[in-house]
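The values are calculated or read from the model by the stated rules, or taken from the named source; none is laboratory data. As the structure is a prediction and not an experimental result, all values here were calculated from the model. Neighbour counts run over all protein chains shown; Cβ positions are idealised from the backbone, glycine included. These accessible areas exclude ligands, DNA and RNA; they are computed on the full protein's heavy atoms, side chains included. Shrake-Rupley method; radii C 1.70, N 1.55, O 1.52, S 1.80 Å.
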Amino acid sequence: MVFLTIANLVRVRGPDEFWRKRRIFRLAAHYIGRRRNCYSIAVRNVHRALVYATKARKLKKQDMIDLWNTRITAACEQHNITQFSLKEGLDRANIMLDRKSLSDLACWEPRTFECLAAVAKEKLQLDGFVNYADKKLPTGTELNLRDVMLEHWLKEEKH
Amino acid sequence: MSAAKRVQQWATFARTWHIFDCKWQDPYESANIIKKYLMGQHKPIYHPLNDCGDVVVCINSREIALRGDEWRKRAYFHHTGYPGGASWTLAWELHNKDPTMIIKKAVYRAMKGNLQRRHTMQRLFIYHEENVPEDIMKNVSSQIRQSRLVPTRLDHIPEEEVKQYPKVMDYPKDYVLK
């Protein structure tokens, strides 16, 4: 091809048009109808799908955090402790579990979670930390704190 | 006991039947509580895709309490689909027509609008009085705690008890009680 103006030379996108289109068609392979067969329609939909995928990478993390929060709140309600005071108590007892691990324990090992809730409650009691939200709406059964034999361990200084 | 069976939890996905007494409760506040049980959000195994919701039986829905002057002010909208088919029904009118409707709509609105919502609503039973059919009542094994205390009305307290209650003062003889 002969280009008389330099502007047209800039617009040409190389000889590999087939492969460029094929790359888009590969991504549109699972679409239905003209969205997978016509390039001009396929490329629009592929671009939109890629934008969704980019946004969804953030949303997926947020969704997981929401799910963990729901599960931890549910487990906390069974033991008459709010999520806030559970976190506060565990932090003070130097048990650094994140929300993912806590929700996994709540889901798969409810007895372990119960012990953690008891530890948090006992630690807050030792520290004299009172959260009135805990007593406002009792939702579950009171934990039996007499079984928590961690007083010495909780009282010692943590670094 | 094998390692996998050590942490086995029996009847994890069993449906529990809860009962909720709507007497003197705010329907919109209690809808959030009922919703939690219907969707299974009170269980640590909750996932939006797993079917872990429970059944809730609401009783005494005739005796709900709306806030302030909401009985007179809150309007429920309905449209028949035809031109001029819009209608607005006040809360007290709706409650007179169907005493279960307000709590039903409150729970329906409290849930997010998705395909699951109508199926979740099927698990909600509402009765306007205390009498629940025997075949439903026999399943109930748990009670949901009310969010508000039910106050005792003065005319429901026995008269002797009222008379014996310590008084600050007696009314003067010439005082006219309204």
In the stretch B:1-46, what residues are closer than 30 Å to residue B:129 by Cβ and among the aromatic types (Phe, Trp, Tyr)? B:17, B:20, B:24, B:28, B:37
Heads up, the strands (runs of 3 or more DSSP E) in the stretch B:35-115 (entirely inside) with at least 1 residues that are touching a His at 6+ places or on another chain (Cβ under 8 Å) are B:55-59, B:86-90
So which of A:84, A:129 ends up being touching a residue at least 40 places away in the same chain (Cβ under 8 Å) and either farther than 25 Å from residue B:39 by Cβ or β-branched (Val, Ile, Thr) (or both)? A:129
Residue A:32 - would you say it is open to solvent by less than 80 Å² (accessible area, probe 1.4 Å), β-branched (Val, Ile, Thr) and at pLDDT 90 or above? no
Just to verify a result, which residue in the stretch A:103-155, among those that are open to solvent by 90 Å² or more (accessible area, probe 1.4 Å), closer than 26 Å to residue B:47 by Cα and in a helix (DSSP H, G or I), is modelled with the lowest pLDDT? A:111
For the stretch B:25-37, pairs from a residue that is over 17 Å from residue B:100 (Cβ atoms) to a residue that is in a helix (DSSP H, G or I), with Cβ under 6 Å and 6 or more apart or across chains, are B:32/B:110
Qualifying positions in the stretch A:82-93 - open to solvent by 30 Å² or more (accessible area, probe 1.4 Å) and either touching a Gly at 6+ places or on another chain (Cβ under 6 Å) or assigned to a helix (DSSP H, G or I) (or both): A:83, A:84, A:87, A:88, A:91, A:92
Considering only residues that are in a helix (DSSP H, G or I) and open to solvent by less than 30 Å² (accessible area, probe 1.4 Å), look in the stretch A:72-81 and name the one that is farthest from residue B:41 (Cα to Cα). A:76
Out of (1) in a helix (DSSP H, G or I); (2) open to solvent by 90 Å² or more (accessible area, probe 1.4 Å), the odd one out for residue A:96 is which? (1)
Identify all residues within the stretch B:19-55 that are open to solvent by less than 10 Å² (accessible area, probe 1.4 Å) and under 25 Å from residue A:68 (Cβ atoms); write none if there are none. B:31, B:34, B:38, B:40, B:52, B:53, B:54
Looking at A:72, A:95, A:81, A:65, which one is in contact with a Ser or Thr (Cβ under 8 Å, 6 or more places away or on another chain) and among the β-branched types (Val, Ile, Thr)? A:72
Output the residues belonging to the stretch A:60-70 that are facing chain B (nearest Cβ under 10 Å) and open to solvent by 30 Å² or more (accessible area, probe 1.4 Å). A:63, A:66, A:70
Taking residue A:29 as meeting all but one of (1) over 26 Å from residue B:12 (Cβ atoms); (2) aliphatic (A, V, I, L, M); (3) assigned to a helix (DSSP H, G or I), write down the number of the exception. (3)
Would it be correct to say that residue A:51 is in a helix (DSSP H, G or I), more than 14 Å from chain B (Cβ to nearest Cβ), within 28 Å of the chain's Cα centre (by Cα) and surrounded by 13 or more Cβ atoms within 10 Å (Cβ to Cβ)? no
When only residues in the stretch B:87-122 that are of a type in the set (S, T, N, Q) and open to solvent by 80 Å² or more (accessible area, probe 1.4 Å) count, which is farthest from residue B:57 (Cα to Cα)? B:114
All but one of (1) surrounded by fewer than 18 Cβ atoms within 10 Å (Cβ to Cβ); (2) under 30 Å from residue A:30 (Cβ atoms) hold for residue A:46, so report the exception by its number. (1)
